[in-house]
Amino acid sequence: MIAILKKTADEGSVRHLVSWIEKKGLEAHVSRGANEIVIGLVGDTTLIDPFLLESMDIVERVQRVSEPFKKANRKFHPEDSVIDCGFGTKIGGGNFQVIAGPCAVEGENLIRIARRVKQAGATMLRGGAYKPRTSPYACQGMGEAGLELLLEARAELDMPIVTEVMDPRDVALFVEKRVDVMQIGARNAQNFPLLKEVGKTNVPVLLKRGLSGTVDELLMAAEYIMSEGNDRVILCERGIRTFETRTRNTFDLNAVPVIHYLSHLPVVADPSHATGYTRYVAPMALAACAGGADGLEIEVHDDPTHAWSDGAQALTPDQFDELMERIRIIRGAIAPEAVR
Ligand code: PEP
Ligand code: MN
């Protein structure tokens, strides 16, 4: 349920209404936009009489929210959320960021790749220290040593790092190491204990869509994180499994405007995992930009044929340079209003 307040509502009466709602045992989320103030009510809304609420002086109207996701819902928070990922890097609400780096942290090549992606214009560095592999015999990542390499790269380059956490027991380590953004991978998009654990922190989370996940399932996964108190969630469309076999996944670019319509959270597109082939990454990255994505996540490797994982979809640093040029052209040509 949401209460849309009159423009004339003053601070004191808003506070009064919030405490009235809280006394009924519900949470009240106040969202102040340029044009209106909205209070989102979360909890057992049967305890509130909507007619009584609507009869209050400062309340313009009351609306039921039928979707099961509340905190992620744009009705609760009409303005786009802007998430600060550190180093002045904000995403959402017109702030566009490119996250780039290797699939896995493999060693000293991380810093070489990091320097190149930063020089090309990437604003965040990615790299998996803990890798979710389909086979238990495939390389599982460097673990904590990989985190240390990411921290070294961050210290040199002053850019936030994005890295995947797979196990709820590792979340404390990621917090201790001050990882800037914790990625939840597609295979863990419905790992509810993990979602809850990252929800207890205040570290931004890049939440990927499940392998066969619907948009609603992605939004409910975000709701798990937000319901624990962490509302710094960035969603990621990384392709879904369909009957098509010519690409690794099917890039569901529909999801970008659909999520923008349903939710205030930023949406990043990942054309690397969505296509699975280097040759398709650039065109689909540009399509995602034109379609209104708030950012891109792109895998870059300086020796793709020897990459520990996902070499077939990696761009070389030179290819990434060229793509960044083209991204700037598309971004320059498209006014944000044109894609929203
Ligand atoms: C990754 O980012 O390297 C990764 C494993 O992605 P996904 O979870 O989308 O497959
Ligand atoms: Mn990968």
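Considering only HIS29, HIS301, HIS260, the mean-square fluctuation computed in a Gaussian network model of the chain, springs between alpha carbons under 10 angstrom, is largest for HIS29.
Between GLU36 and ARG241, full extension at 0.36 nm per residue minus the direct alpha carbon distance yields a gain of 69.8 nm.
Per-residue 3J(HN,Hα) values for the stretch 33-40, derived from phi via the Karplus relation 6.51 cos²θ - 1.76 cosθ + 1.60 with θ = phi - 60°, read x, 5, 10, 8, 10, 10, 10, x Hz in sequence order (x marks Gly and Pro).
Summary value for the chain: 15 percent relative contact order, contacts being C-alpha pairs under 8 angstrom separated by 6+ residues.
Here the chain is treated as a Stokes sphere of Kirkwood radius computed over C-alpha pairs; at 37 °C and 0.692 mPa s its diffusion coefficient rounds to 158 µm²/s. Label points 7 Å out from Cα along the Cβ direction at ASP303 and SER135: separation in nm? Calculated label separation equals 2.1 nm.
Mean projection of the Cα convex hull over all viewing directions, computed for the stretch 255-340: 5.6 nm².
Of the GluC sites (Glu not before Pro) found in the stretch 220-259, those in coil by DSSP whose Cβ has at most 16 other Cβ atoms within 10 Å are GLU228, GLU244. Over the stretch 76-221, the pair-distance histogram of Cα-Cα distances with 10 Å bins from zero comes to 11, 40, 38, 11, 1 percent, rounded to whole numbers. Over all other residues within a Cβ to Cβ distance under 12 Å of GLN313, the charged ones net out to -1, with Lys and Arg as +1 and Asp and Glu as -1. Estimated from the Cβ-Cβ distance and a Förster radius of 41 angstrom, the FRET efficiency linking GLU325 and THR250 is about 0.90. Per-residue 3J(HN,Hα) values for the stretch 264-280, derived from phi via the Karplus relation 6.51 cos²θ - 1.76 cosθ + 1.60 with θ = phi - 60°, read 8, 6, x, 10, 9, 10, 10, x, 5, 6, 5, 9, x, 10, 3, 5, 9 Hz in sequence order (x marks Gly and Pro). Please work out the C-alpha center-to-center distance from the stretch 237-300 to the stretch 86-125 and express it in whole Å. First find each Cα centre; the distance between them is then 18 Å.
In this calculation the C-beta distance from GLU108 to ASP84 is compared with R0 = 45 Å, giving a FRET efficiency of 0.90.
When the Cα positions of ALA293, VAL198, VAL162 are compared along the charge dipole of the chain, ALA293 comes out farthest toward the positive end, with charges on each C-beta of Lys, Arg, Asp and Glu. Restricting the stretch 1-91 to trypsin sites (Lys or Arg not before Pro) that sit in a DSSP loop and have at most 12 other Cβ atoms within 10 Å of their own Cβ leaves LYS7, ARG64.
Label reach from ARG15 (point 7 Å along Cα→C-beta): in the stretch 49-77, amide nitrogens under 18 Å belong to 58. Excluding the site residues themselves, the longest part of the chain lacking any chymotrypsin sites (Phe, Trp or Tyr not before Pro) in a DSSP loop with at most 10 other Cβ atoms within 10 Å is 1-136. Evaluated at q = 0.19, 0.20, 0.22 Å⁻¹, a Debye calculation over the C-alpha positions of the stretch 1-85 (equal weights, vacuum) places log10 I(q)/I(0) at -0.81, -0.90, -1.09. Here the scattering of the stretch 168-255 is modelled by Debye summation over its C-alpha atoms, one equal scatterer each and no solvent; at q = 0.14 Å⁻¹ the log10 of I(q)/I(0) is -0.47. Magnitude of the charge dipole for the chain, about its Cα centre and with charges confined to Cβ atoms of Lys, Arg (+1) and Asp, Glu (-1), is about 400 debye.
Among the listed pairs LYS7/LYS75; LYS6/LYS71; LYS70/LYS196; LYS90/LYS131; LYS24/LYS200; LYS24/LYS196, those whose Cα-Cα separation exceeds 20 Å are LYS6/LYS71; LYS90/LYS131; LYS24/LYS200; LYS24/LYS196. Sparsely packed loop sites in the stretch 193-286 (the trypsin sites (Lys or Arg not before Pro) outside DSSP H, G, I, E and B with at most 16 other Cβ atoms within 10 Å) comprise LYS200, ARG241, ARG246. Note that the stretch 87-157 carries a Kirkwood radius of 13.0 Å, evaluated over its alpha carbons pair by pair. Using 1/(1 + (r/R0)^6) with R0 = 30 angstrom and r between the beta carbons of GLU144 and GLU67, what's the FRET efficiency to the nearest 0.05? FRET efficiency, GLU144 to GLU67: 0.15.
Panel note: the C-alpha atoms of the stretch 27-128, placed on their principal axes, show extents of 64, 27, 18 Å (largest first). If a spin label sat at a point 7 angstrom from the Cα of TYR261 along the line to its beta carbon, the backbone N atoms of the stretch 227-249 nearer than 20 Å would be those of 235-240.
Readers should treat all values here as calculations from the given coordinates under stated rules, not as data from a laboratory. Keep in mind it's a predicted model, so treat the numbers as computed, not measured. Here Cβ is always computed from backbone atoms with ideal geometry, including for glycine, and neighbour counts include all displayed protein chains.
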